[in-house]
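The values are calculated or read from the model by the stated rules, or taken from the named source; none is laboratory data. All values reported here derive from a predicted model rather than from experimental measurement. So basically every Cβ, Gly included, is an ideal-geometry build from the backbone, and we count neighbours across all protein chains shown. Note: accessible area is taken over every heavy atom of the protein model, side chains too, but ligands, DNA and RNA are not part of it. Shrake-Rupley method; radii C 1.70, N 1.55, O 1.52, S 1.80 Å.
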Amino acid sequence: MKVLEDSLTDFLWDKIFNSYEFYPSTKENDKPWIKIPIENKTYRMNSLWNAEQEALINSFFEQVIPGDMYALNWQHDCFSYSTKEKIPFRYNYYDEKRDCNVYFPTYYPDGDYYFFFNHSFNLGIFGHPWRKEIKVMGKNLIDMFEKNRVYLDLEEVNL
């Protein structure tokens, strides 16, 4: 796991804003919060995920993404990481160089927008904290979420 440089973080957020029409907001409105340009499915998350559910989702990524992924946390540190690293649930550490705490986001968006996707931008999940929604991108990943929907306590959202 590595904290991304500001220039790469800015590039990734620019891509999300421009290509995915990301619209962060704390207000309910009719405007879509993000538009995923390839096959995707939206789920409502009915309960917080525990460490076992988070590990299951990591295993999905490990199966479909052979290389590194990005983990974007809106208005906070963003990361590049490998799913093979097995980053602990709710992982954080103190960064002495920057004199701050660093928090790796969970797959469940528990307060901020959390986005996880591969470097090719064709597989990933995008989480909205207030709507308690995730959008799963890419057929293989969608299939894995569908097979485990009951265990993850997900409800399909028809848009």
*Determine which single condition Tyr43 fails, assuming it passes every other condition in (1) open to solvent by less than 20 Å² (accessible area, probe 1.4 Å); (2) among the hydroxyl-bearing types (Ser, Thr, Tyr); (3) over 17 Å from Pro129 (Cα atoms).*
(3)
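Please find, among Lys27, Lys15, the residue that is over 18 Å from Asp153 (Cα atoms) and without any contact (Cβ under 8 Å) to a residue 60 or more places away in the chain. Step through it out loud before you land on a result.
On the way: Lys15 fails: without any contact (Cβ under 8 Å) to a residue 60 or more places away in the chain.
On inspection, the qualifying residue turns out to be Lys27.
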*asked:* Please go through the stretch 57-74 and give me each residue that is open to solvent by less than 70 Å² (accessible area, probe 1.4 Å), assigned to a helix (DSSP H, G or I) and either in contact (Cβ under 8 Å) with a residue 60 or more places away in the chain or under 23 Å from Tyr23 (Cβ atoms) (or both), ordered by number.
replied: Ile57, Phe60, Phe61, Val64
*Tell me, please, whether a residue that is closer than 30 Å to Lys147 by Cα, touching an Asp or Glu at 6+ places or on another chain (Cβ under 9 Å) and open to solvent by less than 20 Å² (accessible area, probe 1.4 Å) can be found in the stretch 7-27.*
no
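Which ranges mark the strands (runs of 3 or more DSSP E) fully within the stretch 75-139 that have 1 or more residues being touching a residue at least 12 places away in the same chain (Cβ under 8 Å) and surrounded by 18 or more Cβ atoms within 10 Å (Cβ to Cβ)?
Details: elements: 79-82, 92-95, 100-103, 114-118, 124-128, 133-137.
Qualifying strands (runs of 3 or more DSSP E): 79-82, 114-118, 124-128, 133-137.
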